[in-house]
């Protein structure tokens with residue numbers, strides 16, 4: 001396999017002509033490789049990257065060596081490459097920023113529905129809450145930003161997994177298990193897959209006393225989000241009734257659409 005120094009790859013970045021999009025081609029390729037690594041579970045071989053990206057091995061090797069030197073990729077003892085620890089800092093900062101961008105949209109949800117609004121991401125096998133705007137009611141739901149939960153007992157989890165292939169969902173559930181948070185929690189893979197089918201049919205997800213007794217949540221995914229994201233409202237089951245659901249879901253779907261457009265433009269609507 002041809003070898004090259006990190007400075008060679010850096011020179012490539014400086015001297016390559018701009019890509020068709022107007023950017024720097026080597027940077028675009030490097031980020032594409034990182035995303036392909038993430039899609040593959042975080043660890044790949046050079047030949048796999050070459051096959052999936054269509055780039056020649058020498059080019060991939062130069063780019064990967066630079067990413068290794070920068071700490072964004074590390075080489076394993078088996079010669080395969082894995083995502084590096086410096087990406088964690090970037091990811092944490094990006095998650096916080098995503099939550100900041102989402103807050104005006106969550107505030108609108110609170111104004112229009114009266115209930116607490118949340119935003120959550122799928123991080124590995126877990127759901128992590130990245131933003132929340134509380135309801136103005138004296139009796140309201142509260143979820144700490146940064147809290148991690150398993151997907152099978154939450155509305156946002158269902159919304160985020162609804163369009164993931166069944167085999168991948170089963171694999172995730174086998175890794176996490178399906179502990180019962182309440183006696184309403186779905187605790188079998190077949191039951192959860194049936195719930196996901198209902199999410200696809202209805203266009204929204206429901207957590208009906210499954211994470212906490214007395215609490216009902218409605219959730220939708222954020223379409224075309226750069227990372228898997230969902231928004232939800234949560235409130236007492238006595239307020240988030242079937243009748244209220246008919247009123248709230250269209251608002252959720254509209255706000256998710258507007259948030260999607262804002263994220264595509266790298267920031268909130270002004």
Whole-Å semi-axes of the ellipsoid equivalent to segment 210-253 (Cα gyration tensor, √5λ, descending):
22, 13, 5
Once segment 89-264 is represented by equal point scatterers at the alpha-carbon sites, with solvent omitted, what log10 I(q)/I(0) does the Debye formula produce at q = 0.08, 0.16, 0.17, 0.20 Å⁻¹?
-0.21, -0.89, -1.02, -1.44
Which order results if 138, 47 are arranged by neighbouring Cβ count within 10 Å, fewest first?
138, 47
What's the exposure ranking of 158, 136, 184, going from fewest to most Cβ atoms within 10 Å?
136, 184, 158
Any chance you could list P(r) for segment 166-270, counting all Cα-Cα pairs in 10 angstrom bins from zero, rounded to whole %?
14, 38, 35, 14, 1
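Only the coordinates and a few stated rules stand behind these numbers; no lab work does. The structure presented is a predicted model; accordingly, all values stated were derived computationally and were not measured. Here Cβ is always computed from backbone atoms with ideal geometry, including for glycine, and neighbour counts include all displayed protein chains.
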